Structures are given as C-alpha cells and as structure tokens.
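Okay, structure first, notes after.
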Amino acid sequence: MIERVWREGGTFQEWSEHFDLSRWLDAMAAEGLDPDWYVTRHREYDEPLPWDHLSAGLHRDFLWTDFQDALAEHGLPDCRWTPCYDCGVCTGFGIEHVVASPTPPAGGSQGTGQDLSRGGEVPEPPAPAATTMSAVL
C-alpha cells in the first residue's frame, strides 16, 4: 500500500501540507484493504499491533499505554521539557535522563542545554570572542 501511494505520486505524505487522504484510501481499496479494520476497530493488547514491526527504542507497553491515552484524548507533554516518561527511546543513546523526577538532568532537560528556569526560552549561543592582534601573533 505504501509503495502504491508513492508510485501514484504521494511524496512527502508525512508533511501535513502534502498529505492527501484520498491517495491512501484509493491505495487501500486497490489492495483490497478495509480502512475501518485498521483505524477504528477495538484492539487488544495481546494482538499484533501496528507498531510492533518498528524498532525505534520505545517499549511496547509504553506504546500501548500511549495509545490508550490517545483514545481517552489525554496526551503527554513533550519530554524534552518535563521529567522522563521512561518510554525507552533514550536507552543506549547516551542521553542523560531521570525517571519521574521533578529535577531536570544536569545541563537542562534531556541534556539539550535548555534552561528550564527561563520558561522555555531558548538560550542564545555565546558570541565569539573578540580577536586582537596580540592573540593572533
């Protein structure tokens, strides 16, 4: 189905300004797939889930809980600016994180250098040092 959308000209479909639902519905119809079976039916935890074939570091139980939260219309704030949710994506990447702690890791949230005390303001990079002739010689 994905290849069919691509072959029919569906590029950059992940970008909202390029997304075209009709391409996907047409591709599903051409492949004999029912969109409702994939999108709106009730799912059980122990069945194969749409994301089971992906390996992005997220734990299956975290994704299931996140899916249930989405169905309940409850989202999670961006973990770069809040304590870690222990989803598993940072494991093995050398990213400093603290599970469920109100104190951000050293260097700001998730090691980004973001100063959380400044209300989400992105710090300016330091200006380059002035060069003098004596420093050059």
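Where residues in segment 6-59 are over 27 Å from Val89 (Cα atoms) and of a type in the set (Gly, Ala, Ser), which of them is surrounded by the fewest Cβ atoms within 10 Å (Cβ to Cβ)?
It comes out as Gly32.
Residue-by-condition table, conditions (1) part of a loop (DSSP other than H, G, I, E, B); (2) modelled with pLDDT of 85 or more; (3) out of contact with any helix residue (DSSP H, G or I) (no Cβ under 9 Å at 6 or more places or on another chain):
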site: Asp26; (1), (2), (3): no, yes, no
site: Arg41; (1), (2), (3): yes, yes, yes
site: Leu58; (1), (2), (3): yes, no, no
site: Glu73; (1), (2), (3): yes, yes, yes
site: Leu76; (1), (2), (3): yes, no, no
site: Arg80; (1), (2), (3): yes, no, no
site: Thr91; (1), (2), (3): yes, no, yes
site: Pro104; (1), (2), (3): yes, no, no
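The values are calculated or read from the model by the stated rules, or taken from the named source; none is laboratory data. These figures come from a predicted structure and were not determined experimentally. FYI the Cβ positions are ideal-geometry reconstructions off the backbone, even for glycines, and counts take in every protein chain you see.
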